[in-house]
Amino acid sequence: MAYPGYGGGFGHFSGQMQGTPTLMGHPVAGTGPNMCPGGFQPAYTPYLGSCSSADASMWSFFTTVAGQDGEVDAEELQRCLTQSGITETYSPFSLETCRIMIAMLDKDYTGKMGFSEFKELWAAINAWKHNFLTVDQDRSGSVEHHELSQAIATMGYRLSPQTLNAIVKRYSKNGRIFFDDYVACCVKLRALTEFFRRRDHLQQGCVNFMYEDFLQGTMTI
């Protein structure tokens, strides 16, 4: 079975996205051969050595709010993304959206995100934003049912009309889906598809779940 959201489009990300994401701010220079941008030697080493200006910008945003453990929780992630200006003219991400962003990449259930995960999230948000702008042709700042269906199809998901209707009802306000809810929808689609795919060893689109495995995979997202 070819899984929706994988092997093209914006449903799944691994490494650097094609093209260069739009980044806000300016790179912050390090202060020594082993120093990270931001000017200190951390106890963790996710980001040492030479770096691109894009990585330096992300590192600057990240370390502004990260604790000494080099990770951010949902509230810190919300501040980080808001200060970075990644949403541009759209409203900042809600705390709930930031929670599920962390859950999408939180393989060990710590409730936090390190810098490598933050880089992956940054690429994903920029790709989703590009997709949102593509389908929001009237530049209303929101998408309607047919535009969301188009966006989901562009990401590689092949969903039934019934499933699409359920998604629209869940994430729309008066029939319109705004950017924060759109990203929350994209996060859940990716996370739940990945959760299912890892367990569908025969690629048949059908899985038997243990009850607690199902709860762990869905209640955290």
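Can you name the residue in the range 164-221 that is among the basic types (K, R) and either assigned to a strand (DSSP E or B) or free of Cβ contacts under 8 Å to residues at least 24 places away in the same chain (or both) and, of all such residues, is nearest to V135 (Cα to Cα)?
In the first step, residues of the range 164-221 are kept if they are among the basic types (K, R); the result is 169-170, 173, 176, 188, 190, 197-199.
With the extra rule that they be either assigned to a strand (DSSP E or B) or free of Cβ contacts under 8 Å to residues at least 24 places away in the same chain (or both), the set shrinks to 169-170, 173, 176, 198-199.
Working: K169: 19, R170: 19, K173: 18, R176: 13, R198: 30, R199: 32 Å.
Checking each candidate, the answer is R176.
You will find that of S140, S172, the residue that is under 21 Å from the mean Cα position of the chain (by Cα) and among the polar types (S, T, N, Q) is S172 and no other.
For beta carbons closer than 7 Å, sequence separation of 6+ or different chains, a first residue in the range 106-121 that is basic (K, R) and a second that is part of a loop (DSSP other than H, G, I, E, B), the qualifying pairs are K112/E71; K112/D73. Cβ separations smaller than 9 Å between residues 6+ apart or across chains give the following pairs from the range 64-86 residues that are free of Cβ contacts under 8 Å to residues at least 24 places away in the same chain and acidic (D, E) to residues that are assigned to a helix (DSSP H, G or I) and surrounded by 21 or more Cβ atoms within 10 Å (Cβ to Cβ): E75/C98; E76/C98.
Of all residues in the range 172-187, which are of a type outside the set (D, E, K, R), under 20 Å from R99 (Cβ atoms) and surrounded by 19 or more Cβ atoms within 10 Å (Cβ to Cβ)?
First, the residues of the range 172-187 that are of a type outside the set (D, E, K, R): 172, 174-175, 177-179, 182-187.
Filter once more, so that each one left must be under 20 Å from R99 (Cβ atoms): 177-179, 182-187.
Hits for the range 172-187 are I177, F179, Y182, V183, A184, C185, C186, V187.
Going by the conditions given, is A123 in a helix (DSSP H, G or I), small (G, A, S) and within 26 Å of T82 (Cβ to Cβ)?
Numbers: in a helix (DSSP H, G or I): yes; small (G, A, S): yes; within 26 Å of T82 (Cβ to Cβ): yes.
Spelling it out, A123 is indeed in a helix (DSSP H, G or I), small (G, A, S) and within 26 Å of T82 (Cβ to Cβ).
Evaluate the range 142-162: report whether one residue or more is among the small types (G, A, S) and touching a strand residue (DSSP E or B) at 6+ places or on another chain (Cβ under 8 Å). Taking every residue of the range 142-162 in turn, at least one turns out to be among the small types (G, A, S) and touching a strand residue (DSSP E or B) at 6+ places or on another chain (Cβ under 8 Å).
Please work out if Y109 is farther than 17 Å from F195 by Cα and not in a helix (DSSP H, G or I). Taking the combined requirement at face value, the residue does not satisfy it.
Yes or no: I152 touching a Leu at 6+ places or on another chain (Cβ under 7 Å) and either over 27 Å from F214 (Cβ atoms) or part of a helix (DSSP H, G or I) (or both)? Working first, answer last.
Values: touching a Leu at 6+ places or on another chain (Cβ under 7 Å): yes; either over 27 Å from F214 (Cβ atoms) or part of a helix (DSSP H, G or I) (or both): yes.
So I152 fits the description; yes.
The numbers here are math on the coordinates, done by the rules we state, and not lab data. Because the structure is predicted, anything quoted here is derived from the model rather than measured. Positions of Cβ are backbone-derived with ideal geometry, glycine not excepted, and every protein chain shown enters the neighbour counts.
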